[in-house]
1. Would you pick out the residues in region 33-51 that are part of a helix (DSSP H, G or I) and closer than 13 Å to residue 165 by Cβ?
2. In region 52-79, what residues are outside any helix (DSSP H, G or I) and not polar (S, T, N, Q)?
3. Kindly indicate whether residue 36 is within 15 Å of the chain's Cα centre (by Cα) and not polar (S, T, N, Q).
4. Could you tell me which residue of region 138-170 is surrounded by the most Cβ atoms within 10 Å (Cβ to Cβ), considering only residues that are of a type outside the set (Lys, Arg) and out of contact with any strand residue (DSSP E or B) (no Cβ under 7 Å at 6 or more places or on another chain)?
5. With the structure loaded, tell me whether residue 136 is part of a loop (DSSP other than H, G, I, E, B) and hydroxyl-bearing (Ser, Thr, Tyr) or whether it fails that test.
6. Are there any pairs with C-beta distances below 9 angstrom linking a residue in region 142-161 that is within 10 Å of residue 118 (Cα to Cα) and modelled with pLDDT of 95 or more to a residue that is part of a strand (DSSP E or B) and of a type in the set (A, V, I, L, M), with the two at least 6 apart or on different chains, and if so which?
7. Given the condition surrounded by fewer than 13 Cβ atoms within 10 Å (Cβ to Cβ), touching a residue at least 60 places away in the same chain (Cβ under 8 Å) and over 22 Å from residue 116 (Cβ atoms), answer yes or no: does some residue in region 64-82 qualify?
8. For residue 12, which of the numbered conditions (1) of a type outside the set (D, E, K, R); (2) in a strand (DSSP E or B); (3) surrounded by fewer than 16 Cβ atoms within 10 Å (Cβ to Cβ) fails to hold?
Amino acid sequence: MKYIIENFVHPNDAKLLINYFDQYDHLCSDDREFHRDRNLHFSDIPNVNMKNILLYYACKNEMFIDHYFKARTHLFRKMRMCRWNKGHSMPLHVDRNDEHGDLFHFSSLIYLNDDYEGGELFFMENNKEKKYKLKSLSCMIFPSGKEYPHGVKKILKGKRYTIPSWYTLC
């Protein structure tokens, strides 16, 4: 089951996070080449206020995941912010790969904006592709396993700002 929570993020927080990302995008890094220029990791953010905003939404996510999935969870790994530029996409994948020893159970994707074209989140459901274009300030939560393969369509225009995060059972 997937859940979409609208108005999950306060508009002022979304603006602060987007502006911060754009101002400090030189801090982007990642072990994976295709993510290197689009991920701003929590550990690379020197601004305490920005970190506190991210931690607030991690706690909020835990409450929604716990409520909807009747589980008790906590953040698996510190959050990151992602900026998807024109031409960026992500192929079909699953977040939790048991073969890699992944230890998380739930995924969250927070949308800070919606003023871009393309970039739809898609899932394979009953062997058919189902696209989601979430509204700005929304959040989608879903189980991380093989039952929820998903990807991101190519960004055609503008920039897509998201905050992905993963949660494990306590």
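The values are calculated or read from the model by the stated rules, or taken from the named source; none is laboratory data. Fair warning: this is a prediction, and the values are worked out from it, not measured in the lab. When we count neighbours, we look across all protein chains shown, and the Cβ atoms used for this are built from the backbone with ideal geometry, even at glycine.
1. Going through region 33-51, the residues part of a helix (DSSP H, G or I) turn out to be 33-35, 42-44, 48-51.
Listed by number, the list holds a single entry, 42.
2. So the first thing to find is which residues in region 52-79 are outside any helix (DSSP H, G or I), and the list is 70-79.
Correct list: 70, 71, 72, 74, 75, 76, 77, 78, 79.
3. Numbers: within 15 Å of the chain's Cα centre (by Cα): no; not polar (S, T, N, Q): yes.
No.
4. So the first thing to find is which residues in region 138-170 are of a type outside the set (Lys, Arg), and the list is 138-145, 147-152, 155-156, 158, 161-170.
Filter once more, keeping what is out of contact with any strand residue (DSSP E or B) (no Cβ under 7 Å at 6 or more places or on another chain): 145, 147.
Details: 145: 17, 147: 13.
Per the criteria, the residue is 145.
5. On the way: part of a loop (DSSP other than H, G, I, E, B): yes; hydroxyl-bearing (Ser, Thr, Tyr): yes.
So residue 136 fits the description; yes.
6. Going by the 9 Å Cβ cut-off, the qualifying pairs are 152/90; 152/121; 153/90; 153/121; 160/152.
7. Residues of region 64-82 surrounded by fewer than 13 Cβ atoms within 10 Å (Cβ to Cβ): 67, 70, 72.
With the extra rule that they be touching a residue at least 60 places away in the same chain (Cβ under 8 Å), the set shrinks to 72.
Those left that are additionally over 22 Å from residue 116 (Cβ atoms): 72.
Looking through region 64-82, at least one residue is surrounded by fewer than 13 Cβ atoms within 10 Å (Cβ to Cβ), touching a residue at least 60 places away in the same chain (Cβ under 8 Å) and over 22 Å from residue 116 (Cβ atoms).
8. Going through (1) of a type outside the set (D, E, K, R); (2) in a strand (DSSP E or B); (3) surrounded by fewer than 16 Cβ atoms within 10 Å (Cβ to Cβ) one by one, residue 12 breaks only (2).
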